[in-house]
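**Q** Handing you this structure, nothing more for now.
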Amino acid sequence: MPLNCLFELTPTCNLRCQFCYVALDPYKGPYLSTDQIKSILDKLEGAGVLWLTLTGGEIFSRRDFPEIYLYARGKGFLVTLFSNATMMNERLAELFAEHPPFLVEVSIYGPNAEIYERTTQIPGSFARFERGITLLQKCGAPLVLKTPMSVFTQDHLAELAAFAKARGLRYKVDTAMDARHDGGSEPVVYRIAPRRVKELHAEMDQLNGRVEVTSEGASAMTEAPSHLAGPAPVGDCSTTAADAGPEDLYRCGAGRTGLFIDALGNASHCVIDREPSFPLLNMEWDEVWERMGAWVTQPLPKDAPCSGCTLRKKCASCPARSRLATGSPYLKDPYYCDVTHVVNGLEPVVHPDYRTMAPRTLGACAS
């Protein structure tokens, strides 16, 4: 049963972050209209989705965002918003004061303008970010700051945590850095080394927080203020599904309890790996969910590199990342394999060049 959905309202953004995974070149509009988004929300409500996360691009760049947001809340979804906050304004603050979101997660790319704008490549964006989070706090929106850790920020964790603490905000770090969803490798240039990932976990401990390691092996969070305590939305690829067999291709909640919908209306099991995808407006929900489930529950081939690995349950590599790195979901991403080994106190292994291996036929539901 689908419990959570990550819904991309638009892939466009007012920032130009150097490691962004959104690929715009093969992903032109027209994007979903207001009415089309409402139709999809109707389907999600009927399917039983509870947690709805609206993401971009930058969601506040859509002029119809307030209408979409109110419609989603009216459907009873627990709505989380992903934003960079640089387009936050008084009108949105009034909206959130009257109709609070479940949670707002705002990316922070640096503790000051120099580091922040080294990533965003937009002069003045740090000042707009600060104004945005101030407005969000004043309107009472439950707010979390988060950093996608890169070579630009890996040496500034203490400053970033202090920035959040000074404002009474929860703060979390994600060291996962993935290729673009079309396979473009530009973002991986900004990844941090596997051994640095482990060091960052230790640094979070030293900052008197609690390290929260997800199935990606790469997330840490400081202690939450009491008003933010309690359950959070189920994240894509964040937990091992209860019904996952020991050698299912996917072991996370993708396609079992969660799904992703892009700005063209295509539904897929994962935001990272968007194939197979299904045009949600043109298909019945039951068929979409059945075919998605068939993809994620197919068996991992016994001769796959990860078959039988004792670290697989907590590995940062996954079929989605494997396909981006090698062209096949049945192989593995060497970088995340190395991260998992190092985090677990083991030496990385020597990897062959998986991209030169003969491609394996994909599952029957792939398109």
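**Q** With (1) buried (at least 23 other Cβ atoms within 10 Å of the Cβ); (2) part of a helix (DSSP H, G or I); (3) in contact with an Asp or Glu (Cβ under 6 Å, 6 or more places away or on another chain) as the list, and R323 as the residue in question, which single condition is left unmet?
**A** Of the numbered conditions (1) buried (at least 23 other Cβ atoms within 10 Å of the Cβ); (2) part of a helix (DSSP H, G or I); (3) in contact with an Asp or Glu (Cβ under 6 Å, 6 or more places away or on another chain), the odd one out for R323 is (1).
**Q** Next question, about the same structure. State all residues of the stretch 139-181 that are in a strand (DSSP E or B), crowded, with 22+ Cβ neighbours inside 10 Å and acidic (D, E); if no residue qualifies, say none.
**A** Passing the criteria: none in range.
**Q** Residue by residue through the stretch 182-193, note down the ones that are buried (at least 19 other Cβ atoms within 10 Å of the Cβ) and at pLDDT 90 or above.
**A** R191, I192
**Q** Sticking with this one: Please find, among L70, L81, L92, the residue that is within 22 Å of D262 (Cβ to Cβ), out of contact with any Lys or Arg (no Cβ under 6 Å at 6 or more places or on another chain) and not β-branched (V, I, T).
**A** L81
**Q** Considering every residue within the stretch 284-299, establish whether at least one is surrounded by 15 or more Cβ atoms within 10 Å (Cβ to Cβ), of a type in the set (K, R) and in contact with a strand residue (DSSP E or B) (Cβ under 9 Å, 6 or more places away or on another chain).
**A** Looking through the stretch 284-299, at least one residue is surrounded by 15 or more Cβ atoms within 10 Å (Cβ to Cβ), of a type in the set (K, R) and in contact with a strand residue (DSSP E or B) (Cβ under 9 Å, 6 or more places away or on another chain).
**Q** List the pairs whose first member sits in the stretch 94-108 and is under 19 Å from L52 (Cα atoms), whose second member is of a type in the set (K, R) and outside any helix (DSSP H, G or I), and whose Cβ atoms are under 8 Å apart, counting only residues at least 6 apart or on separate chains?
**A** E105/K146; V106/K146; S107/K146
**Q** In addition: Could you tell me which residue of the stretch 123-148 is farthest from V79 (Cα to Cα), considering only residues that are in contact with a helix residue (DSSP H, G or I) (Cβ under 8 Å, 6 or more places away or on another chain) and in contact (Cβ under 8 Å) with a residue 60 or more places away in the chain?
**A** The residue in question is S125.
**Q** Right, next: Can you pull out the residues in the stretch 122-136 that are surrounded by 15 or more Cβ atoms within 10 Å (Cβ to Cβ), in a helix (DSSP H, G or I) and of a type in the set (A, V, I, L, M)?
**A** Those that are surrounded by 15 or more Cβ atoms within 10 Å (Cβ to Cβ), in a helix (DSSP H, G or I) and of a type in the set (A, V, I, L, M): I133, L135, L136.
**Q** Would you confirm, using the coordinates I've provided, whether A316 is part of a helix (DSSP H, G or I) and not basic (K, R)?
**A** Against the criterion (part of a helix (DSSP H, G or I) and not basic (K, R)), A316 does not qualify.
**Q** Being more than 30 Å from Q154 (Cβ to Cβ), modelled with pLDDT under 95 and not hydrophobic (A, V, I, L, M, F, W, C) is the filter; apply it to the stretch 1-54 and report the residue that is nearest to the chain's Cα centre (by Cα).
**A** P2
The values are calculated or read from the model by the stated rules, or taken from the named source; none is laboratory data. Bear in mind the structure is a predicted one, so any value in this text is a computation, not a measurement. Heads up, the Cβs are rebuilt from the backbone with ideal geometry, glycines too, and the neighbour counts pull from every protein chain shown.
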